[in-house]
Amino acid sequence: MVVKSLKITNFRNYKNLSISFSPNINIIYGDNGQGKTNLLESIYVLGITKSHRSFIDNYLINNESVFAKISGIVDDGVISSKYEVIIEPQKKILKKDDNVINKINEYISKMNIIIFYPEDLELIKGSPSERRKYLNIQLSQIHKNYLKILNDYNKILKQRNELLKKYLKTQEIDKDYFEALTETLIERGTKIYQYRENYISNINKNVSDIYYNLIKIKNFKILYKPSIKFNNYDTEYIIKKYKEELEKTYDSELKQGMTIIGPHRDDFEFVVGTQNLKIFGSQGQQRLAVLSLKLSEVPIFKSYKKTYPILLLDDVFSELDDRKKNNLLKYITNNIQTFITTTDLKSINPEVFKSAKIIKVDNGKIITEEEV
Ligand SMILES: Nc1ncnc2c1ncn2[C@@H]1O[C@H](COP(=O)(O)OP(=O)(O)OP(=O)(O)O)[C@@H](O)[C@H]1O
Ligand SMILES: [Mg+2]
């Protein structure tokens, strides 16, 4: 996928910007606080409809305005289309080729973006919900149905939890309704388990080699940790086991007033051998583990979407020593559109400049654009 050009209106510190990009490497540079990350973020929001660094959409709107708009011409490998995200204080409008798209799963599943940024470390250090959120975003880009199934699951979960909460007050439960909800919950939940397990096992096909190439440590992998321990991921088996486990936890559910097992309690770990990097890894080992995870997703995205994902690399090079930087550079190639931000052009290997477009950002404006 390639973002050919972008128009930004009232997004963060950009009042009005119109820019075209190289289908290869784009280097965005400038001093601190000028708008490098904001420009990268606008591309991310154009694709994912949400920011990678702010839960609150309103922060994206320029301080002096009442709406923000990002519009981009995106080539998905077959055709070019215009995508648009308009953010207003109370609503968000998504458009493709000037038609409003109401189903967010339809919009996101057309996208193909992988982002690397300094706070990525939270994926290891943070709570399980961070990791689930990450998986959800990636799977929503790959599978059109995923987000719909997840939303269904969350809706049913909420209803089921309401029944359990009501039981806490009244000591009564509508058994038939509860069982019907449980059955659909299991049906949707099973699919979520399968999507997630399949995704992580695809990651594990190459993540260990990538980690080794970057940092020379063997036996790195991602360990999927669902709250139910499954021996395999066949539909019938999951349904049976899931049902059994829900029956076992039923008494606790009634006491706690909520559903305590299921995909909403999933987690995954970054491990070397049997050691969890969250506990034993150095900062650099953790950072490279997240980088490896993301690099391992590149071929997965390619195989599902038939085109490489866009790579957004925010301040990634400044954090690495020279050898690691060069190891990482081997993964950045010309047929993948890549955006790199930096405060210092010298921190980037001159090799990268060969086919790069250099974009200098100053206080929400582009002051130079040059193809090198
Ligand atoms: N909603 C907003 N309206 C106006 N300006 C904003 C808004 N949100 C953020 N900014 C401004 O954007 C600037 C930060 O931009 P950005 O994060 O892109 O910087 P950067 O170039 O990536 O810097 P660094 O090198 O420090 O990472 C700050 O000056 C901040 O005040
Ligand atoms: Mg920045």
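Can you list the residues of segment 154-195 with backbone N under 11 Å from a point 7 Å past the Cα of THR235, pointing along Cα to Cβ? Flagged as within label range: 191.
What whole-number distance in Å separates the alpha-carbon centres of segment 253-301 and segment 97-176? Here the answer is 17 Å between Cα centres. For the peptides 86-99, 106-119, residues were scored by their other Cβ atoms within 10 Å and the scores averaged per peptide; the highest-first order is 106-119, 86-99. Scalar couplings 3J(HN,Hα) for segment 355-365, obtained by applying the Karplus form with A = 6.51, B = -1.76, C = 1.60 to θ = phi - 60°, are 10, 9, 9, 9, 10, 9, 10, 9, 6, x, 9 Hz; x denotes Gly and Pro. Remark: the Cα gyration tensor places segment 111-234 in the prolate category, a/c being 1.5 or greater and a/b exceeding b/c.
Note on ASP322, ASP120: ascending count of other Cβ atoms within 10 Å places them as ASP322, ASP120, the fewest first. The gain in end-to-end length when the GLU247 to GLN159 segment is fully stretched comes to 29.9 nm, 0.36 nm per residue minus the alpha carbon separation.
Does anything in segment 16-57 have its amide N under 11 Å from the 7 Å Cα→Cβ label point of SER318, and if so which residues? Inside the label zone: 29-37.
For the chain, the relative contact order is 25 percent, taking Cα pairs closer than 8 Å that sit 6 or more residues apart in sequence and dividing their mean separation by the residue count. Taking a ≥ b ≥ c as the square roots of the eigenvalues of the alpha carbon gyration tensor, segment 6-57 is rounded, as a/c is under 1.5. Put simply, the amide H of ILE115, placed in the peptide plane, has neighbours under 5 Å in LEU312, leaving out anything fewer than 5 places away on its chain. Report note on the peptides 167-180, 35-48: ranked by the mean count of other C-beta atoms within 10 Å, highest first, their order is 35-48, 167-180.
Between THR274 and LYS306, the contour length at 0.36 nm per residue exceeds the Cα-Cα span by 8.0 nm. Taking amide H as placed 1.01 Å from N in the peptide plane, ILE25 has its amide H under 5 Å from the amide H of THR338, LYS357, each at least 5 places away in sequence or on another chain.
Once the C-beta distance of GLN194 and GLN90 is scaled by a Förster radius of 22 Å, the resulting FRET efficiency is 0.05 to the nearest 0.05. Please say if segment 230-351 is rounded, prolate or oblate, where rounded means a/c under 1.5 for a ≥ b ≥ c the square roots of the C-alpha gyration tensor eigenvalues, and otherwise the choice is prolate for a/b larger than b/c and oblate otherwise? Prolate is the answer for segment 230-351, as a/c is 1.5 or above and a/b outweighs b/c. Here the Karplus relation 6.51 cos²θ - 1.76 cosθ + 1.60, evaluated at θ = phi - 60°, turns the backbone of segment 44-49 into coupling constants of 4, 5, 4, x, 8, 6 Hz, with x for every Gly and Pro.
Residues LYS205, LYS225, LYS360, arranged from fewest to most other Cβ atoms within 10 angstrom of their Cβ, appear as LYS205, LYS225, LYS360.
Relative to the present Cα-Cα distance, how much length would full extension add between GLU351 and ASP76 at 0.36 nm per residue of separation?
96.3 nm is the gain from fully extending GLU351 to ASP76.
Phi angles of segment 182-189 translate, via the Karplus equation with coefficients 6.51, -1.76, 1.60 and θ = phi - 60°, into HN-Hα couplings of 4, 5, 5, 4, 5, 4, 5, x Hz per residue; Gly and Pro are given as x. Note on the chain: Cα Rg divided by 2.2 N^0.38 Å, N the number of residues, gives 1.07.
None of the figures in this text is laboratory data; all of them are computed from the coordinates on show. The structure presented is a predicted model; accordingly, all values stated were derived computationally and were not measured. Methodologically, a virtual Cβ is constructed for each residue, glycine included, from the backbone with ideal geometry; neighbour enumeration extends over all protein chains shown.
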